[in-house]
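Heads up: the structure comes next, in structure tokens.
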Amino acid sequence: MNEQTLSMRLERVAAHVPAGARLADIGSDHGYLPVALMRRGAIEAAVAGEMALTPFRSAERTVRENDLSQKITVRLADGLTAIEPQDAITAISICGMGGETIRDILEAGKVRLSGHERLILQPNGGEQPLRQWLMDNDYRILCEEVLRENRFDYEIIVAERGDPVTYTDEELYFGPHQLQARSPAFVTKWQHRLRHKQQTLNHFGRARHGVCEHKVQDLVRQVRWINDVLG
Ligand SMILES: C[S@@+](CC[C@H](N)C(=O)[O-])C[C@H]1O[C@@H](n2cnc3c(N)ncnc32)[C@H](O)[C@@H]1O
């Protein structure tokens with residue numbers, strides 16, 4: 001992967017960035033996403049935010065080597081503090097981190113959100129708490145994807161703020177659109193998850209002592225939901 005050839009995961013994220021967007025890519029690492037989009041003429045301007053020095057330098061290098069320093073600003077910053085009002089950001093991507101981390105970044109940086117930005121989120125796990133945050137903060141999920149690359153299942157969640165929306169517990173767990181579409185990638189992902197959760201339950205059953213009953217009941221509920229969805 002580089003700024004010319006994105007991974008399939010980042011390529012699908014790129015597909016959800018509106019044409020002509022002013023993008024803030026938070027946790028940009030090497031900066032491949034904003035640089036690739038800018039090289040294609042797909043966005044107007046970008047901020048690449050990074051909290052760690054080595055990836056920050058890497059993003060700076062990618063931007064410089066592509067002669068895009070006029071269009072892409074690289075900032076060493078924690079979460080949404082990378083965004084300044086004058087950036088007039090219209091889309092925010094936060095990719096390749098746990099869903100809880102993405103949620104915490106959004107929660108900590110709430111005051112920097114105008115409410116007009118599209119959020120393009122690619123959590124690695126922890127999708128449920130992330131969807132819960134979106135619902136609690138009046139973000140409607142516009143679309144979702146599951147994709148498999150290098151034996152990992154990735155999810156992409158695209159959301160925009162609007163009228164309050166209510167999702168059921170199952171919708172928060174599986175994703176409201178994914179639950180409707182039940183794509184082959186979605187089914188494969190949940191077949192894997194089911195096998196893993198059943199193994200954990202068996203393990204709990206053999207352990208007998210020292211396993212929190214609440215944890216067992218939660219797992220039993222998840223297994224029931226997944227079985228119901230997979231039919
Ligand atoms: C696994 S990389 C993902 C890079 C890229 N977004 C992608 O999807 O390929 C996660 C990056 O997020 C950065 N990161 C984690 N928490 C962050 C935060 N609160 N603010 C800014 N960057 C953060 C890490 O330093 C790391 O470079």
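The values are calculated or read from the model by the stated rules, or taken from the named source; none is laboratory data. Keep in mind the model is a prediction, meaning the values are calculated, not measured. All Cβ positions, even for glycine, are placed from backbone atoms using ideal geometry, and neighbour counts span all protein chains on display.
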Which one of Leu76, Leu33, Leu80, Leu37 is surrounded by 21 or more Cβ atoms within 10 Å (Cβ to Cβ) and closer than 17 Å to Arg112 by Cα?
Leu80
Those residues that are outside any strand (DSSP E or B), under 16 Å from the mean Cα position of the chain (by Cα) and within 11 Å of the ligand (Cβ to nearest atom), I need them from region 15-30; list them, please.
Gly27, Ser28, Asp29
Output for region 48-70, where each listed residue is of a type in the set (A, V, I, L, M), assigned to a loop (DSSP other than H, G, I, E, B) and more than 8 Å from the ligand (Cβ to nearest atom):
Leu68
Region 31-47, residues that are touching a residue at least 60 places away in the same chain (Cβ under 8 Å) and either assigned to a loop (DSSP other than H, G, I, E, B) or of a type in the set (Asp, Glu) (or both):
none
Given (1) out of contact with any Asp or Glu (no Cβ under 6 Å at 6 or more places or on another chain); (2) among the hydrophobic types (A, V, I, L, M, F, W, C); (3) more than 9 Å from the ligand (Cβ to nearest atom); (4) within 25 Å of Phe152 (Cβ to Cβ), identify the lone condition not met by Leu10.
(3)
If Glu149 passes every condition in (1) more than 18 Å from the chain's Cα centre (by Cα); (2) modelled with pLDDT under 95 but one, which one does it miss?
(1)
